[in-house]
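One structure is given below, encoded as structure tokens.
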Amino acid sequence: MNERQITRSIISFAIITLIVIVVFNYIRINNIKDLKRNYKVTVGYFYKYYEVADSGRPVVRYFYYVKGVRYYREVYTNNNYKYCRSISFDCSNIRFWVLYSPEDPRKSLINLKMEIQGMEDPPFPKNLDDFE
């Protein structure tokens, strides 16, 4: 391969990668919009917190029940729950609102900005902006 072919290969790879990223994000955004248009509500339970090694981005793993079936999901978040890694602090009692798809309950969004544990009749958020 000469230098020109290598340059073309690199440019082709970059264009294909960009197209894949754009399509993936388009599908993800549309799935979120669809879920926010047609959803049911349940309570999500905090399960695990960790940070992705390379980026240090926080990840929250949670679960929720729909018709007796437990579903899990992980989300990257800006919320910091580092104290949940401590052995002395139990985060398993933290609860959040979860939206899920009635057609496919594996699809869900969680509102990590509003903890609802310990509330007798927790208020539902006024809008869906904080669900991720």
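Tabulated results
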item	result
Enumerated strands (runs of 3 or more DSSP E) restricted to segment 53-116, each holding at least 3 residues that are more than 19 Å from Asp129 (Cβ to Cβ) and modelled with pLDDT of 85 or more	58-66, 69-76
Unmet criterion (only one of (1) touching a residue at least 40 places away in the same chain (Cβ under 8 Å); (2) more than 15 Å from the chain's Cα centre (by Cα); (3) part of a strand (DSSP E or B); (4) over 20 Å from Pro125 (Cα atoms)) for Thr42	(4)
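So that you can scan it fast, the table gives a plain yes or no per residue for (1) surrounded by 13 or more Cβ atoms within 10 Å (Cβ to Cβ); (2) of a type in the set (D, E, K, R); (3) at positive phi:
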{"residue": "Ser12", "(1), (2), (3)": "no, no, no"}
{"residue": "Lys40", "(1), (2), (3)": "no, yes, no"}
{"residue": "Val43", "(1), (2), (3)": "yes, no, no"}
{"residue": "Tyr64", "(1), (2), (3)": "yes, no, no"}
{"residue": "Val69", "(1), (2), (3)": "no, no, no"}
{"residue": "Phe96", "(1), (2), (3)": "yes, no, no"}
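The values are calculated or read from the model by the stated rules, or taken from the named source; none is laboratory data. Please read all numbers here as calculations on a predicted model, not as lab measurements. Virtual Cβ from ideal backbone geometry, glycine too; neighbours counted across all protein chains shown.
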